[in-house]
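Please read the structure below before turning to the comments.
The values are calculated or read from the model by the stated rules, or taken from the named source; none is laboratory data. None of these values were measured; they are calculated from a predicted model. Here Cβ is always computed from backbone atoms with ideal geometry, including for glycine, and neighbour counts include all displayed protein chains. Keep in mind that these areas ignore ligands, DNA and RNA; they rest on the heavy atoms of the full protein, side chains included. Shrake-Rupley method; radii C 1.70, N 1.55, O 1.52, S 1.80 Å.
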Amino acid sequence: MTSGGLMLPGGGEQGDRHVADDVSADDPSGAVTLAAPLEIGAELDWGADAWAEVRTRARRAGRAYVWLNLVEQRLRAVVNAVLRPIYEPVHGEEWVVAAAGPAGGEWVQRAVAVREVSRRKGFLLDPADDNVLSFLTLPQLRELVVQHWPCFEPYFDDRRELELALDELEVARHVVSRNRALSRTVLDQAERASARLLELLGAGAPRGAGNRLPVDAVEQLVADRYADVVGVYPDRVRLQRQLPVEDLFAGARRLDAVGIGLNLLVQNYSGRRLVRLAESGCRVRLAFLNPASSAVRRRERELGLGRGELGRSVEMNIMHMRRVRARLRDQGAFEIQVFDETPRFTAYLVDGDSGDGLAVVQTYLRRARGMEVPVMVLRGGSRRVVEGERPSEGGLFEVYREEFEGIWADSRPVS
């Protein structure tokens, strides 16, 4: 058998005779015809579908990894804070080995061995990681907590809740560590469990007023890269699935809005709730497009609406807001104005004067109504991605806040 997989006749006189007989029978010229060898190899190029699939896998795995990394670091810090003062005075640097005890002897010795290999090969780039605790995995850290629960009990209300949240992370942890496909369902479960664990471990992510849109762990790492943009949705329907108007406006201290008819607020947030919001101390400024302006008629033509149809809709919204304002004790805190300029965008800025503000912004498209237009969600305030790094030079939130102030200054009040 040759390397090409072809069987050749054996050597010797008998083999030669067989070859000669075959040649004389098939080809009088004496040439021996062999079958062409099969071409070895495979198609290595990826098509568009394959690239889309691997990018989706990478995005999901990346998000899950960030959450898992945060949880592991936080749990390691908690274990260190609770167990180290107990074991280190007696066992010194070997306090982790002593804390693991006979039950954890195998995995803690494995961590010791990995640490020694990392030392020899120069993998320990940070001296703070030159300890056995840094080489324990999430399940091993959990085992230390379970073994020493009486030590941790004063800091946690419910051991069962902590363990259940850690259980929910195991599927995602195994998938990410082996670079396998992570489904959207498992990713969502891992993010919820991670956020809950960080809260239980005393390191919950900071949240804005009213918990309207918690700061995402991944957003904290890449916030400055996207100039305050924390969400983009193809239309308003998908926005409201992720961020209902009840959550957007809940607990607001200030609400500024500018647009043609402000339907997101007027038609999706009841007058009763708006009254309660204003009575709780929220200052409201609403800037509508003047329903009698020529800009309204141009917009009607763009959308293919009948003459006066859009104007009447805007007028009805203004009248509804006037009725809401009439029910308030402090009507001066609920301002309504109209502007005559060509509308370029609609924006709702919640607590725009503070660092935890949110803005929902849509630009106007020629043939699409507000419900069908892409939406951006912006978060106010500057963030440092790395400690000591210079904060960003402002973002889109400030751009739209300043634009609102300019339109407001040029608009006229509605009595």
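So here's what we get for this one:
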| read-out | value |
| --- | --- |
| Candidates Asp356, Asp351, filtered to the one that is open to solvent by less than 10 Å² (accessible area, probe 1.4 Å), within 24 Å of Arg379 (Cα to Cα) and among the charged types (D, E, K, R) | Asp351 |
| Residues within the stretch 85-100 that are open to solvent by 50 Å² or more (accessible area, probe 1.4 Å) and either among the β-branched types (Val, Ile, Thr) or in contact (Cβ under 8 Å) with a residue 40 or more places away in the chain (or both), tallied | 2 |
| Residue pairs meeting the criteria (Cβ under 9 Å; at least 6 apart or on separate chains; first of a type in the set (Ser, Thr, Tyr), in the stretch 308-324; second in a helix (DSSP H, G or I) and surrounded by fewer than 18 Cβ atoms within 10 Å (Cβ to Cβ)) | Ser313/Asn263 |
| Among (1) of a type outside the set (S, T, N, Q); (2) surrounded by 13 or more Cβ atoms within 10 Å (Cβ to Cβ); (3) assigned to a helix (DSSP H, G or I) - the single one Ala103 does not satisfy | (2) |
| Count - residues of the stretch 248-280 that are farther than 19 Å from Val377 by Cβ, in contact (Cβ under 8 Å) with a residue 24 or more places away in the chain and in a helix (DSSP H, G or I) | 8 |
| Search result, residues across the stretch 128-148 that are in contact with a Ser or Thr (Cβ under 9 Å, 6 or more places away or on another chain) and either open to solvent by 70 Å² or more (accessible area, probe 1.4 Å) or part of a helix (DSSP H, G or I) (or both) | Ala128, Asp129, Phe135 |
| Selected residue [open to solvent by 100 Å² or more (accessible area, probe 1.4 Å), assigned to a helix (DSSP H, G or I) and under 28 Å from Asn179 (Cβ atoms)] from Arg60, Arg119 | Arg119 |
| Condition met for Leu221 (at pLDDT 85 or above, among the hydrophobic types (A, V, I, L, M, F, W, C) and not in a loop (DSSP other than H, G, I, E, B)) | no |
| Among (1) open to solvent by less than 50 Å² (accessible area, probe 1.4 Å); (2) more than 30 Å from Arg192 (Cβ to Cβ) - the single one Leu125 does not satisfy | (1) |
| Selection from the stretch 40-57 of residues that are open to solvent by 50 Å² or more (accessible area, probe 1.4 Å) and part of a helix (DSSP H, G or I) | Ala48, Asp49, Trp51, Ala52, Glu53, Arg55, Arg57 |
| Scope the stretch 172-185; condition surrounded by 17 or more Cβ atoms within 10 Å (Cβ to Cβ) and either of a type in the set (Phe, Trp, Tyr) or in a helix (DSSP H, G or I) (or both); matching residues | Ala172, Arg173, Val175, Val176 |
| Residues that are out of contact with any helix residue (DSSP H, G or I) (no Cβ under 6 Å at 6 or more places or on another chain) and of a type in the set (Lys, Arg), drawn from the stretch 327-361 | Arg329, Arg344 |
| Test set (1) closer than 30 Å to Thr56 by Cα; (2) open to solvent by 20 Å² or more (accessible area, probe 1.4 Å); (3) in contact (Cβ under 8 Å) with a residue 60 or more places away in the chain - Cys151 fails condition number | (1) |
| Where a residue in the stretch 386-410 is open to solvent by less than 80 Å² (accessible area, probe 1.4 Å) and assigned to a helix (DSSP H, G or I) and its partner, wherever it lies, is β-branched (Val, Ile, Thr) and modelled with pLDDT under 90, with Cβ under 8 Å and at least six apart | Leu396/Val229 |
| In the stretch 130-156, the residues that are polar (S, T, N, Q) and in contact with a Phe, Trp or Tyr (Cβ under 9 Å, 6 or more places away or on another chain) | Thr137, Gln140 |
| Pair list, Cβ < 8 Å and 6+ apart or interchain, from the stretch 110-131 residues that are more than 16 Å from Glu94 (Cβ to Cβ) to residues that are open to solvent by 60 Å² or more (accessible area, probe 1.4 Å) and aromatic (Phe, Trp, Tyr) | Val117/Phe123 |
| Test: residue in the stretch 349-370 that is among the polar types (S, T, N, Q) and under 16 Å from Arg253 (Cβ atoms) | yes |
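Rundown of residues vs (1) open to solvent by 10 Å² or more (accessible area, probe 1.4 Å); (2) within 19 Å of Ala368 (Cα to Cα); (3) of a type in the set (D, E, K, R); (4) at pLDDT 90 or above, yes/no style:
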site: Leu248; (1), (2), (3), (4): no, no, no, yes
site: Arg273; (1), (2), (3), (4): yes, no, yes, yes
site: Glu279; (1), (2), (3), (4): yes, no, yes, yes
site: Ala295; (1), (2), (3), (4): no, yes, no, yes
site: Arg298; (1), (2), (3), (4): yes, yes, yes, yes
site: Leu305; (1), (2), (3), (4): yes, yes, no, yes
